[in-house]
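Everything below concerns the one structure shown next.
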């Protein structure tokens with residue numbers, strides 16, 4: 001019987017249909033995403049250095065470059081779907097990368113609240129990063145632990161594989177709950193601002209209490225909303241995919257994966273790159289000092 005213990009390459013005795021994914025990963029689609037995320041990763045590093053938005057840069061650069069590494073793994077799997085190292089590279093990177101993108105979303109939300117009026121928020125702005133990035137780290141650790149258990153189990157120890165799978169599902173589910181709570185608090189905040197007639201027309205100098213920078217932040221707000229929902233869709237998709245177990249029917253549908261995982265994170269990171277918050281929020285920049 002074909003298994004990862006006895007198979008190293010596709011042969012008549014080791015057909016591709018017996019692998020976890022059951023297919024040759026699409027070379028063109030996965031190569032596109034590898035290059036795409038590589039470009040965005042380099043762009044995030046460059047923009048982060050230019051604007052001195054170090055925390056946001058670290059989160060988005062790690063997220064995009066891990067996505068790139070994951071798709072490189074899938075490109076390599078095209079030539080050998082039985083390769084355990086390539087499989088582990090792509091599964092670890094693509095499971096963990098969106099957590100860093102979510103951290104960037106929480107950071108942008110904090111600065112949107114500072115801009116629009118912290119008095120309308122149920123939580124103090126700094127707590128959005130402390131609480132939700134803290135929960136994000138917890139989710140990351142759970143997913144990493146689950147991936148470690150699954151990797152240690154190999155492809156033959158089904159009991160340990162299931163345990164690792166369950167831990168990963170727990171981590172992703174926790175991430176969905178965290179994002180949902182954050183989204184509800186953000187929605188409540190924006191509804192309160194709208195009720196009070198708040199505006200996106202210019203960034204206020206919150207430290208000095210005077211002056212305005214005529215930079216419309218409506219675009220970064222739209223980018224934040226799009227990034228939030230696309231990352232959330234990806235996380236929700238991953239729950240039933242992982243819940244079905246390794247080699248489940250849903251896991252063996254590449255088109256669904258490329259749309260609901262690859263494309264969703266691609267949209268989120270693209271908007272957070274084009275509408276980089278460092279351009280709109282000077283208070284986000286390290287060593288920024290408002291004009292007197």
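For the range 11-58, give me each residue that is in contact (Cβ under 8 Å) with a residue 60 or more places away in the chain, more than 30 Å from residue 248 (Cα to Cα) and more than 16 Å from the chain's Cα centre (by Cα). Once the filter is applied, which keeps residues that are in contact (Cβ under 8 Å) with a residue 60 or more places away in the chain, more than 30 Å from residue 248 (Cα to Cα) and more than 16 Å from the chain's Cα centre (by Cα), the range 11-58 yields 43, 47, 48, 50, 51, 52, 53, 54. Scanning the range 36-53 for residues that are surrounded by 14 or more Cβ atoms within 10 Å (Cβ to Cβ), in a helix (DSSP H, G or I) and touching a helix residue (DSSP H, G or I) at 6+ places or on another chain (Cβ under 8 Å) yields a count of 11. Summed over the range 17-35, the residues that are assigned to a helix (DSSP H, G or I) and surrounded by fewer than 16 Cβ atoms within 10 Å (Cβ to Cβ) give a count of 4.
Residues in the range 237-254 that are under 19 Å from the mean Cα position of the chain (by Cα) and surrounded by fewer than 18 Cβ atoms within 10 Å (Cβ to Cβ): 239, 240. Considering (1) within 30 Å of residue 151 (Cβ to Cβ); (2) at pLDDT 95 or above; (3) out of contact with any helix residue (DSSP H, G or I) (no Cβ under 6 Å at 6 or more places or on another chain), the lone condition that residue 85 does not fulfil carries the number (2). Of the residues 228, 237, the single one that is at pLDDT 95 or above and farther than 18 Å from residue 64 by Cβ is 237. Screening the candidates 187, 191 for the property of being loosely packed, with under 15 Cβ neighbours inside 10 Å and under 21 Å from residue 271 (Cα atoms) yields one hit, 187.
The values are calculated or read from the model by the stated rules, or taken from the named source; none is laboratory data. Please read these numbers as outputs of a predicted model, since none were measured by experiment. Cβ coordinates were reconstructed from backbone atoms using ideal geometry, including for glycine residues, and neighbour counts include every protein chain displayed.
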